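Trainee: Mind having a look at this structure? Questions to follow.
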Amino acid sequence: MIRINENYTKLKASYLFADIARRVTAYTSAHPDRPVIRLGIGDVTEPLPAACVAALHAATDEMGQRATFKGYGPEQGYAFLRELVSQHDYAARGCKVEPDEIFISDGSKCDCGNIQEIFATDTRLAIPDPVYPVYVDTNVMAGRTGPNVDGRYQGILYLDSTASNGYVPAVPSAPADLIYLCFPNNPTGAVATRAQLEAWVAYARRNKAVILFDSAYEAYIRDPDIPHSIYEIEGARDVAIEFRSFSKTAGFTGTRCAYTVVPKTLMASDAAGQPVALHALWNRRQTTKFNGVSYPVQRAAAAVYTDAGQHQTRALTDFYLANAQLIRSAMGALGLKCAGGDNAPYIWIDVGRDSWEFFDLLLDKAQVVCTPGAGFGKCGEGHVRISAFNSRENVQRALERIAAALR
Ligand code: MLT
């Protein structure tokens with residue numbers, strides 16, 4: 001009989017957010033009279049910006065006319081969007097990223113998960129803990145780890161992110177080849193200073209390593225001193241790949257558009273020690289396995305860069321950040337220590353007890369869904385993550401219910 005990829009058997013039975021969704025569905029089926037408020041998965045609730053909707057409509061009309069109809073687009077994305085990204089997200093911040101170094105995709109989750117394919121199986125990994133589970137799970141699937149022993153996969157260099165380091169891990173003394181960093185951080189909401197990112201770039205250069213920099217939440221940065229891109233750090237073009245998304249910036253979680261930057265100067269070596277451009281490998285991978293994002297969706301993403309789009313997306317992120325402030329102050333009033341929420345849509349709360357037990361308590365007593373910290377790694381135990389992505393009414397109602405449940 002055909003055999004399975006045994007690496008899958010090392011994984012937990014289900015993906016964190018699938019597991020939570022299953023538990024919530026079981027609860028709502030058992031208690032249909034108790035409406036649940038979801039502050040678990042970071043999924044946006046507010047409608048698309050009007051500029052994006054208008055662009056979607058116009059592009060859909062183009063698809064309905066013979067003269068303007070489009071079939072397959074370029075796998076890497078249309079030039080009109082790549083040029084806007086290069087100009088607005090990079091040149092405007094003093095970073096050099098050429099349009100053809102930008103690969104438009106249907107999501108950062110897919111890109112963060114797929115990118116590991118272009119690296120050797122014996123690549124040494126450094127991954128923060130707690131962390132967005134996609135980074136770990138996709139490497140487990142690829143056979144880059146041993147079994148999970150006591151909550152940690154053998155073979156990964158875990159970078160503890162705790163209150164004592166402000167949830168920003170320092171560079172380790174041991175070498176690694178592939179380093180995952182996410183700032184503003186999911187799940188802790190922490191941001192990395194320029195000096196901290198400089199230390200990581202220097203570490204990567206010293207070790208001839210590659211940083212995978214997930215910057216999906218950069219639109220939430222309000223502190224003017226915090227870098228939005230790893231390429232704001234000198235020398236990063238030679239050691240870093242960056243992931244960005246329209247999901248949390250412009251409400252595209254259901255529309256699907258993101259991009260990945262692979263600088264042409266970024267090299268890794270083959271088995272003979274010869275340098276190989278990662279840009280060429282990622283291009284090979286994408287042209288083989290991906291057929292691009294739909295034309296109307298790329299037009300909608302391009303509308304983010306119009307004056308109206310910029311204004312409307314800023315209003316969206318301001319709205320969720322105001323939710324985050326409400327959550328932070330309500331948790332503080334309950335005597336709970338929090339991180340995040342200032343430059344990120346997540347609030348990381350020290351609940352001082354088992355995180356799944358706290359999840360169950362909130363679901364049962366308050367009908368509020370949070371994300372248990374243990375789901376993000378061993379260092380997440382004792383914490384939960386509350387997402388600021390919901391309507392103001394739901395956030396306020398959830399906070400009242402949480403206060404009543406914990407009193
Ligand atoms: C999260 O809740 O961590 C994110 O929404 C997950 C994702 O973006 O895939």
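Trainee: Would you work out the charge dipole size for the range 238-303 about its Cα centre, treating the Cβ of every Lys and Arg as +1 and the Cβ of every Asp and Glu as -1, and quote it to the nearest 20 debye? Can you show the working numbers first?
Mentor: Numbers: 8 positive and 3 negative charges, 65 e Å.
Roughly 320 debye for the range 238-303.
Trainee: Please list, by residue number, everything in the range 334-356 whose backbone N is under 11 Å from a paramagnetic label point 7 Å out along Cα→Cβ of D19.
Mentor: Residues 356 qualify, since their backbone N sits under 11 Å from the label point.
Trainee: Hey, which of these cross-link pairs are over 32 Å Cα-Cα: K12/K264; K96/K208; K10/K264; K109/K378; K70/K109; K208/K337?
Mentor: Numbers: K12/K264 37 Å; K96/K208 21 Å; K10/K264 35 Å; K109/K378 21 Å; K70/K109 26 Å; K208/K337 38 Å.
Flagged as over cut-off: K12/K264; K10/K264; K208/K337.
Trainee: Same structure, new question: Can you bin every Cα-Cα distance in the range 66-183 into 10 Å intervals starting at zero and give me the percent of pairs per bin, rounded to whole numbers?
Mentor: Bin by bin from 0 Å, the calculated values are 11, 31, 30, 20, 6, 2, 0.
Trainee: Further question: Which value in Å is the Kirkwood Rh of the chain over different Cα pairs? Before the final figure, lay out the partial values.
Mentor: Values: mean 1/r = 0.0453 Å⁻¹.
About 22.1 Å for the chain.
Trainee: Determine the calculated [θ] at 222 nm for the chain from helices alone, applying -39500 (n - 2.57) to every DSSP H run no shorter than 4 residues and normalising by the residue count; nearest 500 deg cm²/dmol. Could the numbers behind the result be given before it?
Mentor: Values: 12 runs with 140 residues, N = 407.
For the chain, the value works out to -10500 deg cm²/dmol.
Trainee: At R0 = 45 Å, how high is the FRET efficiency between A271 and N148 if r is their beta carbon distance? Nearest 0.05 is fine. Mind showing how you got there, number by number?
Mentor: On the way: r = 29 Å, r/R0 = 0.65.
That pair, A271 with N148, gives E of 0.95.
Trainee: Select from A374, A339, A21 the residue whose mean-square fluctuation is largest in a Gaussian network model of the chain (Cα-Cα springs shorter than 10 Å).
Mentor: The residue that fluctuates most here is A21.
Trainee: Okay, moving on. Kindly rank 242-249, 161-168, 292-299 from highest to lowest mean number of other beta carbons found within 10 Å of each residue. Could the numbers behind the result be given before it?
Mentor: Details: 242-249: 25.6, 161-168: 16.4, 292-299: 21.1.
Per-residue Cβ counts within 10 Å, averaged per peptide and sorted highest first, yield 242-249, 292-299, 161-168.
Trainee: With only Lys, Arg, Asp and Glu charged, each at its Cβ (+1 for the first two, -1 for the last two), find how big the charge dipole of the chain is about the Cα centre; round to the nearest 20 debye. Please list the in-between numbers first.
Mentor: Numbers: 41 positive and 43 negative charges, 97 e Å.
Value, rounded to 20: 460 debye.
Trainee: Right, another one. Over what distance in Å are the Cα centres of the range 76-152 and the range 1-63 separated?
Mentor: Cα centroid of the range 76-152 versus Cα centroid of the range 1-63: 20 Å apart.
Trainee: Pick from H279, H228, H88: which is most flexible by mean-square fluctuation in a GNM of the chain where alpha carbon atoms under 10 Å apart are linked?
Mentor: Ranking H279, H228, H88 by mean-square fluctuation puts H88 first.
Trainee: Then there is this: Which residue fluctuates the most in the chain, going by a Gaussian network model with Cα springs under 10 Å, if the choices are P172, P32, P133?
Mentor: Fluctuation is largest for P32.
Trainee: Here's another thing I want to ask about it. What's the exposure ranking of I349, I127, going from fewest to most Cβ atoms within 10 Å? Don't skip to the answer; put the middle values down first.
Mentor: Numbers: I349 26, I127 23.
By the 10 Å Cβ count, ascending: I127, I349.
Trainee: Report the gain in length on full extension from K378 to I4: 0.36 nm times residue separation, minus Cα-Cα distance, nm rounded to one decimal. Can you show the working numbers first?
Mentor: Details: separation 374, 0.36 × 374 = 134.64 nm, distance 2.80 nm.
Between K378 and I4, full extension yields 131.8 nm more.
Trainee: Calculate how many DSSP beta bridges within the chain are antiparallel, expressed in % of all such bridges and rounded to the nearest 5.
Mentor: Values: 24 of 42 bridges.
So the antiparallel bridges in the chain amount to around 55 percent.
Bear in mind these aren't lab numbers, they're just calculated from the coordinates by the rules spelled out. None of these values were measured; they are calculated from a predicted model. For neighbour counting, all protein chains shown are included, and Cβ atoms are generated from backbone atoms with ideal geometry for every residue, glycine included.
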